[in-house]
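These notes are about the structure you will find just below.
Each reported figure results from applying straightforward, stated rules to the coordinates on display, with no laboratory input. Note that the coordinates shown come from a computational prediction; the quantities given were computed from them, not determined experimentally. Virtual Cβ from ideal backbone geometry, glycine too; neighbours counted across all protein chains shown.
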Amino acid sequence: MAVVEIRTTRYDDAAAVRLDGLVQLEYAERYGEGDLTPMAADHFDPPHGLYLVAFDADGEPVASGGWRAQEASPEGHEDGDAEIKRMFVVRERRGQGLARRILAELEATAAAAGRRRMVLETGSRQPEAIALYTSCGYVPVKKFGYYRHEELSICMGKPLTAPLPVAPRG
């Protein structure tokens with residue numbers, strides 16, 4: 001696998017916008033339209049979120065994903081949730097572990113930020129995503145978010161474990 005660098009970016013960064021356009025096309029192919037969930041760049045600003053883009057050795061963006069803090073809401077979130085959004089890998093780079101690497105970093109940073117549970121919404125026409133999340137310990141949870149009333153919507157979650165504190169040396 002070619003060298004890939006994962007960088008923290010803003011959701012409105014040019015590379016993130018480019019990948020978001022590609023994922024929206026894929027959603028339209030699978031569901032007839034893109035994702036209409038309301039989102040803004042500042043939803044992913046630390047410490048209440050994080051957005052990552054993976055770049056290949058040529059500097060091309062090849063994968064992305066982010067999390068944003070959520071609290072209890074009428075849309076079905078619980079206090080302490082970190083919601084995953086825009087997990088995506090370009091077709092040519094799938095099957096190389098990029099999504100798994102981004103997911104691990106999202107989980108670690110959300111836990112470090114004090115989030116208690118990682119949640120996501122995907123759809124039944126994305127079996128690859130469902131397989132990834134299941135293999136990483138995600139299980140079905142009560143539906144939440146914009147598509148919570150849609151039959152094709154699948155919501156999954158996983159408890160987060162806070163990182164262990166580092167003992168001072170001396």
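Things worth noting here:
- Relative contact order of the chain, pairs being alpha-carbon contacts under 8 Å that are 6 or more residues apart, as %: 19
- Difference of contour (0.36 nm per residue) and Cα-Cα distance, R10 to S135: 42.2 nm
- Label sites at L22 and K142, each approximated as a point 7 angstrom past Cα along Cα to Cβ, lie 3.7 nm apart.
- Distant-in-sequence amide H partners of C136 (H built 1.01 Å from N, under 5 Å): none
- Kyte-Doolittle mean at least 0.0 and Cα axial length at least 20 Å: DSSP H helices in the chain: 14-31, 98-112
- Here is the list for the range 86-147: trypsin sites (Lys or Arg not before Pro) lying in DSSP coil, each with at most 12 other C-beta atoms within 10 angstrom of its C-beta, are K142.
- Those aspartates and glutamates that a straight Cα-Cα span of less than 14 Å connects to K143, excepting residues fewer than 8 apart in one chain: E75, E78, D81, E83, E121, E151
- C-alpha center-to-center spacing [the range 69-85, the range 8-32] in angstrom: 22
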